[in-house]
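A.B. asks: This is the structure, below, for whatever I ask next.
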Amino acid sequence: MDRSVWLASYPAGIPSEITIPDESVPSMLEKAVRKFPDRPAIVFALRPGVHKTRTFAQLWADIESFAGGLSERGFVRGDRLALFLPNCPQYVIAYFAALRLGLTVVQVSPLYIGDDLVKPLLDSRAKGIVTLDIFSHNLEAVWGRLPDPKPKVFLGRLKEEAPFLVGLLFLNGILRKKGLDPSLPRKIPFEPFPKVLKSRTQAPSATIDPAKDVAAFQYTGGTTGKPKAAMLTHRNLVANVLQLREWDRKAQEGKEVVLSVIPLFHVYGMTVAMNYPLFYGATMIVNPDKPEPKMALELISRYHVTEFPGVPALYNAVNNHPIATQVDLKSVRMCLSGSAPLTVEITKKFEALTGGRLIEGYGLSETSPVTHANPLEGNRKVGSIGVPVPSTEMKIVGSDDPSKELGVDEVGELAVRGPQVMLGYWNQPEETAMVLKDGWFLTGDLARVDAEGFTYIVDRKKDMILVGGFNVYPREVEEVLYQHPDVLEAAVVGVADDRSGESVKAFVVRKPGTNPQAPDIIEFVRSRIAHFKAPRSVEFVESLPKTMVGKVLRRELKKQPSLSPPTK
């Protein structure tokens with residue numbers, strides 16, 4: 001498709017191309033430090049009003065000290081440092097300190113245990129691991145499976161970042177109530193995070209080639225489901241922040257307040273909730289818990305949040321929380337939703353609640369992540385992922401023949417090209433060759449593009465359901481389910497069926513105080529879309545399995561079709 005088609009939908013002043021400076025990720029932060037030394041960079045809020053603040057100058061001093069400490073302990077350019085952390089100041093410090101030395105950050109979910117934890121540590125050959133006491137016991141359990149020489153472990157504690165008025169016994173009581181053990185590990189050697197932070201060694205100046213040096217290993221199942229590390233360069237990450245900055249031209253440098261509760265170990269959180277705000281002098285409001293609607297509402301109200309990057313499940317939970325209408329949310333100016341499809345119903349309700357603009361964007365681990373977004377001004381299309389951001393191209397290609405470009409409203413695989421696209425997969429040239437074709441990245445997502453250049457994700461190639469020879473895309477059915485007044489959450493999967501090969505099964509979470517039955521739900525869908533697309537069965541569940549980011553795990557629903565006893 002000719003780029004002029006979607007460029008016509010750009011708001012005035014947004015360029016089609018941007019210039020990407022030859023700079024590293026930490027050098028971009030250093031610019032903000034020089035501009036806004038006394039502005040709060042991180043407000044670490046254990047709960048609203050109970051927080052510890054770091055200014056940009058204080059944050060940079062800690063980054064320099066930790067980088068010096070890593071250098072003192074033998075870390076050099078090209079080594080890999082795993083961050084096995086939730087959202088906390090230790091994450092931000094270790095991330096930028098590693099990149100300051102030319103190391104590669106290995107992103108590891110703090111929820112990982114067993115094989116899930118071992119795989120990225122082995123694959124990346126991490127030389128060091130930064131974690132907290134409350135997650136160290138999971139590391140301790142797999143320590144014997146890591147080869148010699150074992151990685152160096154740097155251990156932080158939440159009490160180090162707790163406000164002075166929060167007593168240790170009180171904090172530990174809260175942690176234990178959440179099922180987290182704040183005691184120190186006994187079977188693995190470690191150094192306390194503060195000891196490394198107190199280093200007096202000056203960090204050496206690393207010579208970084210932004211286009212070639214890998215800043216982050218972002219693990220992903222990609223299009224095949226096999227975990228692999230997308231290699232994101234400094235240039236990739238810097239480019240994506242600059243693309244977002246051009247998209248949000250109303251953002252005021254040095255004045256925004258960003259609610260950074262989506263996980264930073266996820267590519268979306270890393271870029272949109274950390275790099276983007278810090279590069280432009282915004283204040284990050286950070287909470288270490290899994291994103292939770294009541295906490296999000298209270299933090300928005302208490303700290304006058306202006307930007308709230310999130311996922312549809314979180315916005316939906318916020319919309320339906322009892323205190324949503326009791327707190328002041330009018331500071332919210334804009335929210336970028338990613339990681340999962342955003343429905344029309346969620347969008348309308350959230351915008352009515354806050355007065356802010358909620359737009360759907362799109363991206364992947366391999367693209368740093370953002371490639372598309374709906375315009376913040378003027379023309380937008382709720383239900384679409386919008387148009388390509390500056391310096392990004394797209395096309396729809398045949399799902400079985402990527403050399404064939406498709407036309408308007410034809411469904412095929414979405415391919416993208418731009419400076420945010422990864423270098424490739426770490427140590428997996430065959431997998432890389434499967435998805436990178438002449439600079440184009442094949443996303444694995446089925447999509448269509450309309451006559452104005454707006455793109456609609458139909459579904460993942462692997463999630464498509466084949467009912468009697470007809471294609472059914474889960475997202476289309478879920479959009480209808482969300483329109484039902486008694487449905488809080490819904491997800492759709494394909495299940496084996498003797499008559500049609502596969503049939504549609506819906507998992508539904510009821511809204512509190514309602515009691516819809518399966519026939520009612522099925523008939524509701526059948527009255528709105530083709531009958532073969534409607535669920536043949538419905539199971540009511542207490543909750544849907546999700547990643548820490550909030551993406552529904554359809555594969556878990558397929559594996560465990562009876563997560564709770566079906567309601568008849």
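The values are calculated or read from the model by the stated rules, or taken from the named source; none is laboratory data. Everything numeric here is computed off the predicted structure, so don't read it as measured data. Methodologically, a virtual Cβ is constructed for each residue, glycine included, from the backbone with ideal geometry; neighbour enumeration extends over all protein chains shown.
A.B. asks: Can you tell me which residue among Glu430, Glu377 is among the acidic types (Asp, Glu) and assigned by TED's automatic domain parsing to the domain that holds Leu342?
C.D. replies: Going through Glu430, Glu377 in turn, the sole match is Glu377.
A.B. asks: Also, quick follow-up: What are the residues in region 398-423 that are among the charged types (D, E, K, R) and not in a strand (DSSP E or B), if any?
C.D. replies: Here is the first cut: in region 398-423, the ones among the charged types (D, E, K, R) are 400-401, 404-405, 409-410, 413, 417.
Answer for region 398-423, where residues must be among the charged types (D, E, K, R) and not in a strand (DSSP E or B): Asp400, Asp401, Lys404, Asp409, Glu410.
A.B. asks: Examine region 223-231 for a residue that is part of a loop (DSSP other than H, G, I, E, B) and at pLDDT 95 or above, and state whether such a residue exists. Write out each step before concluding.
C.D. replies: First pass over region 223-231, keeping only residues part of a loop (DSSP other than H, G, I, E, B): 223-227.
Next, only the ones that are at pLDDT 95 or above stay: none.
The answer is no, given that none of the residues of region 223-231 is part of a loop (DSSP other than H, G, I, E, B) and at pLDDT 95 or above.
A.B. asks: Could I ask something else about it? From Glu523, Glu478, which residue is in contact (Cβ under 8 Å) with a residue 12 or more places away in the chain and closer than 28 Å to Lys348 by Cβ?
C.D. replies: When all the criteria are applied, what remains is Glu478.
A.B. asks: When you go through (1) assigned to a loop (DSSP other than H, G, I, E, B); (2) free of Cβ contacts under 8 Å to residues at least 40 places away in the same chain; (3) crowded, with 17+ Cβ neighbours inside 10 Å one by one for Pro37, which number turns out not to apply?
C.D. replies: Exception for Pro37: condition (3).
A.B. asks: Among the candidates Phe56, Phe75, which residue alone is of a type outside the set (Asp, Glu) and under 15 Å from Val130 (Cα atoms)?
C.D. replies: Values: Phe56 fails: under 15 Å from Val130 (Cα atoms).
Going through Phe56, Phe75 in turn, the sole match is Phe75.
A.B. asks: I need the strands (runs of 3 or more DSSP E) fully contained in region 462-551, keeping only those with at least 2 residues that are under 26 Å from Ser339 (Cβ atoms) and of a type in the set (Lys, Arg).
C.D. replies: The qualifying strands (runs of 3 or more DSSP E) are 501-510.
A.B. asks: Which of the following residues is modelled with pLDDT of 95 or more and in contact with a helix residue (DSSP H, G or I) (Cβ under 6 Å, 6 or more places away or on another chain): Phe540, Phe507?
C.D. replies: When all the criteria are applied, what remains is Phe507.
A.B. asks: Can you find, within region 4-26, the residue that is surrounded by the fewest Cβ atoms within 10 Å (Cβ to Cβ) among those that are aliphatic (A, V, I, L, M) and under 30 Å from Ala98 (Cα atoms)?
C.D. replies: If we take residues in region 4-26 being aliphatic (A, V, I, L, M) and under 30 Å from Ala98 (Cα atoms), then Ile18 is surrounded by the fewest Cβ atoms within 10 Å (Cβ to Cβ).
This table checks each residue for (1) under 30 Å from Thr432 (Cβ atoms); (2) under 17 Å from the mean Cα position of the chain (by Cα).
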| site | (1), (2) |
| --- | --- |
| Asp328 | no, no |
| Phe350 | no, no |
| Leu353 | no, no |
| Ile359 | no, yes |
| Glu366 | yes, yes |
| Ser384 | yes, no |
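A.B. asks: Sticking with this one: Residues that are in contact (Cβ under 8 Å) with a residue 40 or more places away in the chain and more than 26 Å from the chain's Cα centre (by Cα): which helices (runs of 4 or more DSSP H) entirely in region 57-149 hold 1 or more of them?
C.D. replies: Of the helices (runs of 4 or more DSSP H) lying wholly inside region 57-149, those with at least 1 residues that are in contact (Cβ under 8 Å) with a residue 40 or more places away in the chain and more than 26 Å from the chain's Cα centre (by Cα) span 133-142.
A.B. asks: Something else about it: Residue under question is Val318, and the condition is that it be within 22 Å of the chain's Cα centre (by Cα), crowded, with 19+ Cβ neighbours inside 10 Å and not in a helix (DSSP H, G or I); does it hold? Spell out the reasoning first.
C.D. replies: Values: within 22 Å of the chain's Cα centre (by Cα): yes; crowded, with 19+ Cβ neighbours inside 10 Å: yes; not in a helix (DSSP H, G or I): no.
The answer is no for Val318.
A.B. asks: Check region 383-405 and report whether any residue there is under 20 Å from Ser9 (Cβ atoms) and out of contact with any strand residue (DSSP E or B) (no Cβ under 8 Å at 6 or more places or on another chain).
C.D. replies: Within region 383-405, one or more residues are under 20 Å from Ser9 (Cβ atoms) and out of contact with any strand residue (DSSP E or B) (no Cβ under 8 Å at 6 or more places or on another chain).
A.B. asks: Take the residues in region 364-397 that are modelled with pLDDT under 95 and outside any loop (DSSP other than H, G, I, E, B), then tell me which one is farthest from Val411 (Cα to Cα).
C.D. replies: Ser365
A.B. asks: Next up: When the residues of region 424-451 are narrowed to those that are under 25 Å from the mean Cα position of the chain (by Cα), on the phi < 0 side of the Ramachandran plot and part of a loop (DSSP other than H, G, I, E, B), which ends up surrounded by the fewest Cβ atoms within 10 Å (Cβ to Cβ)?
C.D. replies: Per the criteria, the residue is Gln428.
A.B. asks: Regarding region 238-250, can at least one residue be identified that is β-branched (Val, Ile, Thr) and out of contact with any strand residue (DSSP E or B) (no Cβ under 7 Å at 6 or more places or on another chain)?
C.D. replies: yes
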